[in-house]
Structure formats: C-alpha cells, structure tokens
Amino acid sequence: MKKIASIMAIVLTTVSCSNAQKNEFSKESLTYELTTESGSKVSFQSILDANKGKKVVIEIWAGWCGDCVKAMPKVKELQANNTDAAYVFISVDKSMEKWKEAVAKHEVNGQLFWIDDPKMMKGEFGKSIDLDWIPRYIVIDEKGKIIIYRAIETDFEKIDQALKN
C-alpha cells in the first residue's frame, strides 16, 4: 500500500510540475526567427524587446483553427478594453498566403508574425514554448516577465485581470 501511495505522489508531482506556469522563455524560443508580413525574419527576443515597457498579449493561432476563429471577438473585446497593451499574433498557418488571407478575413489587428515551419505547432518554436493547443495566450508584464504562460480561449477573464493589475 505504501508503494502505491509513493507512486501516486510521484505521478501527481510530475503532472503538476509539467503544467506549471513558466516565468521566462527558453533560449530556443528567444532566438527563434519568425516571419513578418513583408517576409523578413525577426527573432522572438527582438519582438519582446520592442514591446518592453508595455504589457503584451501573445496569441498563437491559425486561420484553419475553429477555436481560434471563435475566440476572435473576445480578443477584439480584450483589445478594446486594454488599449495600452501590445498584441502580438503568431500564426501557425500552413503557408504565408493562408496566413495573410486569415489576417484579412478576420481583421486581425496587432503585430503579426508567422511561424515558417512545416511542422507548425509541433515544430521548433512550438516545442520551445510547450505549445499543445491553439489558440494559446501568453501575457507579459512591462518588465518583460511572463505573468501568464499558458492560457486558452476560456481564460479571457484571467487575461483581462492580468492586464488590469
């Protein structure tokens, strides 16, 4: 019986630690280069640096993702209610053309980037930020520290509170 209890404790600790909120990005994610609308490359670190001094909401999304499209009105409401924050949209669409079509169709406003990786979510950048679901939201404070590492489309109240505090 003690053996079973010990095993259960180890499993629960492992699961709870794997779902923990991180407070900084890995070197791999910071050095990863994302594609801009013009087709140039920019490191994730430089995107974060350009937004220092502001709270930042990062959304990882795709035009083909039903949950992402369904969440767009909530994102726009979040933007309207928190105009001082910066909004960074990182797409995992299959091609630059599909990404640009989705941006236009859904009238996405903010800083727009695309992950140019055929593995999309499961590629290098996705792995570096523990991407297991989209839409995925990350919130960063004015000093560049992560205040929410993993939020999904049902967490808009939590995101809104983080932006207001």
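The values are calculated or read from the model by the stated rules, or taken from the named source; none is laboratory data. Treat the numbers as computed from the prediction; the structure is a model and nothing was measured. Note: ideal-geometry Cβ built from the backbone for every residue, glycine included; neighbour counts use all protein chains shown. Ligands, DNA and RNA are excluded from the accessible area calculation, which covers all protein heavy atoms including side chains. Shrake-Rupley method; radii C 1.70, N 1.55, O 1.52, S 1.80 Å.
Here are the numbers for this structure:
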read-out	value
Label-point separation, E101 to K27 (7 Å along Cα→Cβ), nm	4.0 nm
Sum of -39500 (n - 2.57) over DSSP H runs of 4+, divided by residues of the chain (222 nm, nearest 500)	-12000 deg cm²/dmol
Per residue, in Å², the accessible surface of the chain once ligands and nucleic acids are set aside, probe 1.4 Å	57 Å²
Surrounding net charge for T35, when Lys and Arg each add one and Asp and Glu each subtract one, Cβ distance under 10 Å	-3
Protein accessible area in the chain, 1.4 Å probe - carbon and sulfur %	56 percent
